[in-house]
Structures are given as C-alpha cells and as structure tokens.
1. If a residue counts only when it is farther than 25 Å from residue 144 by Cα, which strands (runs of 3 or more DSSP E) contained entirely in the range 173-273 have at least 2 such residues?
2. Within the range 122-165, track down each residue that is near the ligand (Cβ under 8 Å from one of its atoms) and within 25 Å of residue 237 (Cβ to Cβ).
3. For the range 87-103, check the following and say yes or no: at least one residue is within 13 Å of the ligand (Cβ to nearest atom), surrounded by fewer than 15 Cβ atoms within 10 Å (Cβ to Cβ) and part of a loop (DSSP other than H, G, I, E, B).
4. From the list 268, 256, 226, 217, exactly one residue is touching a Ser or Thr at 6+ places or on another chain (Cβ under 6 Å), in contact (Cβ under 8 Å) with a residue 60 or more places away in the chain and crowded, with 17+ Cβ neighbours inside 10 Å. Which is it?
5. Here are 113, 158: which of them is part of a strand (DSSP E or B), at pLDDT 95 or above and of a type in the set (D, E, K, R)?
6. Can you tell me which residue is farthest from the chain's Cα centre (by Cα) among those in the range 290-313 that are outside any loop (DSSP other than H, G, I, E, B) and closer than 20 Å to residue 156 by Cβ?
Amino acid sequence: MKSKMAILGLQLQQRFPVLTGFSCSCLSSATIHVRPVSSVSSKLKKWNNGGRLPRRLVVGLGVSFWAQYMNMAGNSKSFMASARQKSTVEQALQNVEWPEQFPFKDEDFQRFDESSDSLFYEAPRFVTHIDDAAIAALTKYYSEVFPPSNTPGVSILDMCSSWVSHFPKGYKQERIVGMGMNEEELKRNPVLSEYVVQDLNLNPMLPFEDNSFDVITNVVSVDYLTKPLDVFKEMRRVLKPGGLAIMSFSNRCFWTKAISIWTSTGDTDHALIVGSYFHYTGGFEPPQAVDISPNPGRSDPMYIVYSRKLPTA
Ligand SMILES: C[S@@+](CC[C@H](N)C(=O)[O-])C[C@H]1O[C@@H](n2cnc3c(N)ncnc32)[C@H](O)[C@@H]1O
C-alpha cells in the first residue's frame, strides 16, 4: 500500500549517497544539482577517532562502494548497505577529536533556495514526512526517554513542529510548546498546549525564560537551520540543567531548503554535523548517536543525536 505521503505527492525527497567525490542531492525531477564535496570531506577528515583512519575517509569509500553495488543490482535499499550504515552512524560520535574551531563556513549553511522560508511554509502540509515504521520507532524511543506522562512541572518544547509531534499516544504534560512556520499546522497538533510561529533562520532567539524545559525535540528538521549554533545556544539557555535535547533525522529532506553541508553528505556525516552543533555550543554533555531504524533497508532510516545540558551550564 502506498504511504500517506506518497499519495499526497508531498513527501520529503530521499537523498542519494555521496558518489566518488560528488553528491547528487535528492532528485525528483530533471533538475540536477551537483556539487563537489571536497571542502566538506576535508573538514570531516580531521575528525578521527583515536589514531585510526580518519572516519570520513572510511565511510566515504564504503558508501561509494555500496551505492555502486546497489545501482548495479537495481536495488536502492539493500539490507547489507543498511546494516553497514547502522554501525557507522552509531559509532559516529564515539571518541571524536573535534577540531579546535567550528569547522564549517558560512557557505556550508547556504541553501539552493534562499527565498523566504515563510513563503515555502505558507501553505499547510498535513502530511507525514517519514514512513509509518520510522514514526513508530521514534514514538517508541520517546516513550523510553520522556518523563512519564502527566508529571507535574514537566515542560516540553517541540521545535520545527507541525500538525504532528510523534509523541506516545495519549502523552500529556501541562506545558508542551510547538514552534514552527505554519500556524494552521500547529493549531491542529493535538499534543501542544501552546505554539509559536517563528522563523528561526531570521530570529534564532527563543521566546522563553531561562531553564524552562525538561526536553526539547526536533524531528527531521535540524537540517533547515542556517544559524544552528545560535539556535543551540538558545536551546541550552531554555533547557533546565540536565534537560534533554533530542534531534532526530532520516535520509529525506526538502533538499532545496536544507543546508548545503547536509545535502552533500551522508547519514553518518549528518550525525557528526548535529553532534558538532552540541559540541561547539558548549554546556552540553558529549552528544550521542543512536540508530533506531526499523526494518533496516525496508523502511525509512531513523537516527537520533541527543545530549543533556550540563548541570553547571
Ligand atoms: C519536514 S517538516 C517536519 C515537521 C515535523 N517536525 C514532523 O516531524 O512532521 C519541517 C518543519 O521545519 C520547520 N521549519 C523549517 N524551516 C524553519 C525555520 N526557518 N524556522 C522555524 N521552523 C522551520 C517547518 O515549520 C516544518 O514544519
């Protein structure tokens, strides 16, 4: 059966893996956007884990090989490719030796479509952006790490929210705030107690008191942030000490709106990129990556990069 998103023809587009130094980003039409990734890989190559081969180099070779194998086999989702990716994503943030300075430049945060985000999100999209199995995996993960439903004093912020937050069925807290770009979508979201419409690329300041939230979630949208460090600094400010930030992503995106460093790299690099946001913001525990992909190779992958605000931050 076709998924809800495919029927509506509004799904996020899957990106293809990096191939021999070039990336073809998320194609659904004849428009091909090809960009050399040498600048990206040279930055990521510096991130090694304890004297072994630079992680990016190993991953790059593997992905290219499997991409070519899959193309030849006419099978875009082989089980072996997914199994390989699972382990590399989970290892992505183990023992990283981060460069002293944030390794990305302004151009890494440019998008193919630099027009106003308000325009892009003007019309509501009452669709899901990942398949049902990936949503179920995320909901299950939330049920394992969220504070119990109806805990007095607990507040949650769902950033880049829409008409769904994928929280466990019946989950409630006194305060669950949604932030997003489309008011009609946010109004329809049943778990939210309040919402804020704000373009975080124009104004990354979060309109909340310091130390307000126990958990911050962001589902399949961290790749649209063009000022991620400013947003993560704000996340640190509004999280309570020990508060948990959960960034989840798959391999789909509105590629014209995703930052170029995202569309030119693969899943493992994405974990490193999100991890770097926590690391260079500071005041967070070392970020961790978890692969919660259901039915590897048969449904959308789902990855989490999470961290907690340090009690002293
Ligand atoms: C792919 S949708 C994901 C929506 C929702 N998190 C979900 O899982 O269905 C991307 C979301 O990112 C939000 N977003 C994109 N650009 C944004 C921006 N500049 N500022 C704030 N939110 C943004 C939009 O509101 C949109 O709902």
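The values are calculated or read from the model by the stated rules, or taken from the named source; none is laboratory data. In this text the structure is predicted, and so the values were computed from the model without any measurement. Neighbour counts run over all protein chains shown; Cβ positions are idealised from the backbone, glycine included.
1. The strands (runs of 3 or more DSSP E) meeting that bar are 194-197.
2. Within the range 122-165, 158, 159, 160, 161, 162, 165 qualify.
3. No, that holds for no residue.
4. Working: 256 fails: touching a Ser or Thr at 6+ places or on another chain (Cβ under 6 Å); 226 fails: touching a Ser or Thr at 6+ places or on another chain (Cβ under 6 Å); 217 fails: touching a Ser or Thr at 6+ places or on another chain (Cβ under 6 Å).
Just one listed residue meets the conditions, 268.
5. It is 158.
6. Among residues in the range 290-313 that are outside any loop (DSSP other than H, G, I, E, B) and closer than 20 Å to residue 156 by Cβ, the one farthest from the chain's Cα centre (by Cα) is 309.
For (1) modelled with pLDDT under 95; (2) closer than 17 Å to residue 276 by Cβ, each residue gets a yes or a no:
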position: 201; (1), (2): no, no
position: 214; (1), (2): no, no
position: 218; (1), (2): no, yes
position: 222; (1), (2): no, yes
position: 225; (1), (2): no, yes
position: 246; (1), (2): no, yes
position: 250; (1), (2): no, no
position: 253; (1), (2): yes, no
position: 262; (1), (2): no, yes
